[in-house]
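Novice: To start, I am sharing the structure in question, which I have written as structure tokens.
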Amino acid sequence: MQQSSPPPLPPHWPQQRIPRRRKQLRNWIIFLFILMLAASIYRSWSDRVERSIPFITKEAPPITELHPYVLLKKEELIAEAAELGIRILITDGHRSHEDQDALYEQGRTTKGPIVTHVKGGGSYHNYGLAIDFALLTPKGKAIWDLEYDGNRNGKPDWMEVVAIAKDLGFSWGGDWEGFKDYPHLQMDFGFSIAELRRGFRPPDDSTMAAE
């Protein structure tokens with residue numbers, strides 16, 4: 001007896017499966033996206049919770065240089081100031097705790113004016129998140145004159161540099177209440193000194209400084 005072969009599949013059968021597979025793939029993509037978003041939100045929430053608890057500390061490697069993003073914006077500051085005919089000198093960047101302690105003693109136990117009110121660990125310089133600048137005259141002399149108008153456009157060069165720095169994401173020590181630190185520019189990325197002391201750090205790929 002001759003065995004009959006199974007009936008052929010309808011011509012439209014594969015086309016019916018394709019939309020279903022596409023729908024399944026789309027659902028998987030949506031699921032993975034939601035999962036990644038939830039993980040990102042959890043990491044952000046977890047970090048904020050940890051930072052809000054005073055007794056939680058983290059192991060942090062010693063900092064010996066400027067944060068990569070601060071370094072990038074420092075170079076942009078120099079370049080953009082030069083476009084306005086203003087030359088600036090970065091007089092300080094990362095500062096060790098020991099150097100900070102020595103600077104604190106200036107005007108107190110050593111000669112010179114008082115230039116800081118914080119000891120080692122109390123400055124954003126100690127975490128590679130701050131720079132200091134001065135203006136350069138045509139002869140290359142560093143000056144800290146807030147009224148100097150070297151490019152002769154009727155505006156103080158100092159404040160033109162500050163405006164550029166703020167556009168780049170820096171905050172300025174001249175805006176502080178009480179003690180004014182006019183050469184000082186910093187990016188804190190939303191971290192307080194207390195949090196930095198406890199070992200919390202902005203990631204190297206941070207690209208936005210908190211206002």
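Every number here is computed from the coordinates shown, using simple stated rules; none is lab data. Because the structure is predicted, anything quoted here is derived from the model rather than measured. Glycine also receives a Cβ, built like all others from the backbone with ideal geometry; neighbour counts cover every protein chain displayed.
Novice: Using Cβ contacts closer than 10 Å as the measure, can you line up Leu77, Leu168, Leu89 from fewest to most? Intermediate values should be presented prior to the final figure.
Specialist: On the way: Leu77 21, Leu168 17, Leu89 14.
Going from least to most buried by this count: Leu89, Leu168, Leu77.
Novice: Shifting gears a bit: Once the Cβ-Cβ distance between Lys58 and Leu89 is put in as r, and R0 is 25 Å, what FRET efficiency do you end up with, to the nearest 0.05?
Specialist: Details: r = 35 Å, r/R0 = 1.40.
E between Lys58 and Leu89, to the nearest 0.05, is 0.10.
Novice: Please compute the modelled spin-label separation between Glu177 and Thr110, points set 7 Å along Cα→Cβ, answer in nm with one decimal.
Specialist: According to this spin-label approximation, the distance is 3.2 nm.
Novice: How much length would be gained if the chain were fully extended between Ile143 and Ile30, taking 0.36 nm per residue of separation minus their Cα-Cα distance, in nm to one decimal?
Specialist: On the way: separation 113, 0.36 × 113 = 40.68 nm, distance 5.80 nm.
So the chain would gain 34.9 nm between Ile143 and Ile30.
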